[in-house]
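Quick one: this structure, given as structure tokens, is what I'll be asking you about.
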Amino acid sequence: MSVNISLLLQAHGIEIVSGNRRAEVMLELGQAIKIVDQNGNQLMMTLKDRQLHFTEMSGSPSYDIMVKRHTVDPVLITTVAGVKMELRPIAMSHIPSEDPQAWLRFIGPHVPGTSLNEIEQKRLQKYLRLHHTEAVTDGQDVFTLAGDMLAHCNPSQQ
């Protein structure tokens with residue numbers, strides 16, 4: 001399965017200021033890229049096993065990518081089946097559950113094996129409220145909480 005690089009970067013609190021498409025292609029190809037954030041911090045960013053990895057600068061790639069960064073801590077949940085998931089928020093301009101038609105466009109099928117106990121449901125709901133969103137990602141798929149399970153969703157269809 002492929003990774004949506006834009007969603008993955010967004011979930012890690014990274015907004016690319018210039019060279020967006022070039023950065024995405026380089027990451028997809030597994031190349032390390034040098035990023036420089038708004039505070040002048042320089043890091044190497046690579047995509048490995050569908051996860052972004054950051055390291056202090058040790059080399060000098062030929063292309064700098066300017067980014068804006070902010071810290072986004074993931075929520076760690078465990079399904080009833082014992083599967084641990086690290087989820088990060090997806091920014092949304094509207095909350096789909098406030099409009100029944102928007103919710104129907106937003107929500108997708110439930111994900112088998114993602115039932116959550118009541119404590120995990122409340123933790124995820126609190127995290128969603130904290131980040132003013134109804135969508136989270138594991139870096140590969142986008143989910144929402146629907147009942148006591150995760151369901152696929154499409155934030156762009158809200």
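Find the Rg to Rh ratio for the stretch 1-58, where Rh is the Kirkwood radius over alpha-carbon pairs and Rg uses the same atoms.
Answer for the stretch 1-58: 0.92.
Just flag the chymotrypsin sites (Phe, Trp or Tyr not before Pro) in the stretch 49-158 sitting in loop per DSSP whose Cβ has no more than 16 other Cβ atoms within 10 Å.
63
Bin width 10 Å, origin at 0, all Cα-Cα pairs of the stretch 86-143: what percent of pairs per bin?
21, 55, 25
Does anyone have the angle between helix 118-130 and the longest principal axis of the chain? Alpha-carbon axes, 0 to 90°, nearest 10?
Approximately 50 degrees, to the nearest ten.
Helix-only mean residue ellipticity at 222 nm, the chain, DSSP H runs n ≥ 4 weighted -39,500 (n - 2.57), per residue, nearest 500. What is it?
-6500 deg cm²/dmol
Going through the stretch 24-117, which GluC sites (Glu not before Pro) have at most 14 other Cβ atoms within 10 Å and a DSSP loop state?
Answer by residue number: there is no such site.
With every protein chain present, what is the per residue accessible area of the chain (1.4 Å probe, Å²)?
Result: 57 Å² of accessible area for each residue.
Considering the Cα positions of the chain, please state its Rg to one decimal place and its Dmax as a whole number of Å.
16.8, 51
Could you work out the relative contact order of the chain, using alpha carbon pairs under 8 angstrom and six or more residues apart, expressed as a whole percent?
23 percent.
Given a 1.4 Å probe and every protein chain left where it sits, what share in percent of the accessible area of the chain is carbon and sulfur?
51
Can you send over the solvent-accessible area of residue 21, 1.4 Å probe, protein chains only, in Å² to the nearest 10?
In the full protein context, residue 21 sits at about 140 Å².
The values are calculated or read from the model by the stated rules, or taken from the named source; none is laboratory data. Since this is a predicted model, take the numbers as computed values, not measurements. Neighbour counts are summed over all protein chains in view; Cβ atoms, including those assigned to glycine, are modelled from backbone coordinates with ideal geometry. The area values use the complete protein model at the heavy-atom level, side chains included, leaving out ligands, DNA and RNA. Shrake-Rupley method; radii C 1.70, N 1.55, O 1.52, S 1.80 Å.
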